[in-house]
There are 2 protein chains.
Amino acid sequence: MNDDTRAPGNGDPAEPSLLLDDHFCFTLYAASRAVTGVYRPLLDAVGLTYPQYLVMVVLWEHRTVTVKELVAALHLDYGTLTPLIKRLEAHGLLERQRRADDERVVEVALTPEGTALRERIRTVPLAIGDAIGLTREEIAAAQDLLRRLTANVDRHTAGTGPAVKAP
Amino acid sequence: MNDDTRAPGNGDPAEPSLLLDDHFCFTLYAASRAVTGVYRPLLDAVGLTYPQYLVMVVLWEHRTVTVKELVAALHLDYGTLTPLIKRLEAHGLLERQRRADDERVVEVALTPEGTALRERIRTVPLAIGDAIGLTREEIAAAQDLLRRLTANVDRHTAGTGPAVKAP
DNA sequence: CCCGTTTAAGTTGTGCGCAAGCTAATAGGG
DNA sequence: CCCTATTAGCTTGCGCACAACTTAAACGGG
């Protein structure tokens, strides 16, 4: 690789660096993909993708949730979750049903197969912890920082988003 | 949301939790998407997606790189980068050319338009730092942890992958 | 009670992200 | 020099991720 870094601007100490390695966003993005890459072969063995696994985790915790609750819990879009949930339904792991007293709401519930799958996945988090290779304290520290980051960003984008809506 | 957490296994202190909020992978995944979400409107203003921006960052640093070098720098696949690079080429930001002395290699080089785009993006990192809302020290700490995580995972998957290849 | 508004979910289109398979060019051993 | 293996890149297919749009049900003020 052509290793000159003399493009204009990088020497100015008053401006943030534009070098790849200085981008925190890239470190974060690469780490996230690396971790899901560790999950992939483990989940592949039971026929799940990583986002599908996250939906199952929520269901194992609550047994029944609405699509809206999944959207909120996973910070994902209806456009992402609707087809994903349908795929899990096609695999027999969950069932979808409109709520009788409010037909707008779709309830997602575990099937016996979905419940049983949990046993086959019990050991996965151990393998992940092993691959990540950080201490319990380091993971806790990183988790605290990243949770605060996400909360800050959510506040930020909520503020600059709808912006009180002009009357 | 049905808030019982009596699914089997979660009370056992010897086993890792399967609750969503205890999943470090999810914190990481959510944080990564949150940050790219902050970039989105800023990059949209200049017609770039976030991965396209990362490619441009590498090019602004090195002016000319091979596709292989982009694959290595961004930890991305040829299958991801090839069409992405072609889109950037279609937008006039870079040019692709096969190396004369080794026709397997494709060199990617900045065009004047690609170089000029850098000026229009100079202030973006400041806005990102603002939205993230962590101190410089906190970001440095998180970055150190995540870099080590990615390095560990890379070692791990390299070790369990080709596995020295039986003779 | 009607009608505009809000809400929950689904649909469509584009662009990643990655596995699997393919092609063409080069390297390297006999 | 041939011939096999390797290397760099491309293509195909599937599943996210998200914006923009659509639909249908419930709400709520007049």
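The values are calculated or read from the model by the stated rules, or taken from the named source; none is laboratory data. Here the structure is a predicted model, which is why all the values come from computation and not from measurement. Note that we place each Cβ from the backbone using ideal geometry, even for glycine, and neighbour counts take in every protein chain shown. These area figures cover heavy atoms from the full protein model, side chains too; ligands, DNA and RNA do not enter into them. Shrake-Rupley method; radii C 1.70, N 1.55, O 1.52, S 1.80 Å.
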Do the conditions hold for A:LEU54, that is, is it surrounded by fewer than 21 Cβ atoms within 10 Å (Cβ to Cβ) and more than 11 Å from DNA strand C (Cβ to nearest atom)? no
Surrounded by fewer than 14 Cβ atoms within 10 Å (Cβ to Cβ), of a type outside the set (Val, Ile, Thr) and under 27 Å from A:GLY37 (Cβ atoms): does that describe A:ARG118? no
B:VAL71 vs. criteria at pLDDT 95 or above and not in a helix (DSSP H, G or I): no
Extreme residue, nearest to A:TYR53 (Cα to Cα), among residues of the stretch A:77-99 that are open to solvent by 90 Å² or more (accessible area, probe 1.4 Å) and over 23 Å from the mean Cα position of the chain (by Cα): A:GLN97
Of (1) modelled with pLDDT of 95 or more; (2) part of a loop (DSSP other than H, G, I, E, B); (3) touching a Lys or Arg at 6+ places or on another chain (Cβ under 8 Å), B:GLY9 fails just (1)
Across (1) more than 21 Å from A:TYR29 (Cβ to Cβ); (2) in contact (Cβ under 8 Å) with a residue 40 or more places away in the chain; (3) away from DNA strand C (no atom under 16 Å from the Cβ); (4) part of a helix (DSSP H, G or I), B:GLY114 clears everything bar (3)
Away from DNA strand D (no atom under 11 Å from the Cβ) and not assigned by TED's automatic domain parsing to the domain that holds B:VAL38, is that true of B:ALA131? yes
Of the residues A:VAL108, A:VAL71, A:VAL65, which is more than 9 Å from DNA strand D (Cβ to nearest atom), more than 10 Å from every other protein chain (Cβ to nearest Cβ) and buried (at least 18 other Cβ atoms within 10 Å of the Cβ)? A:VAL108
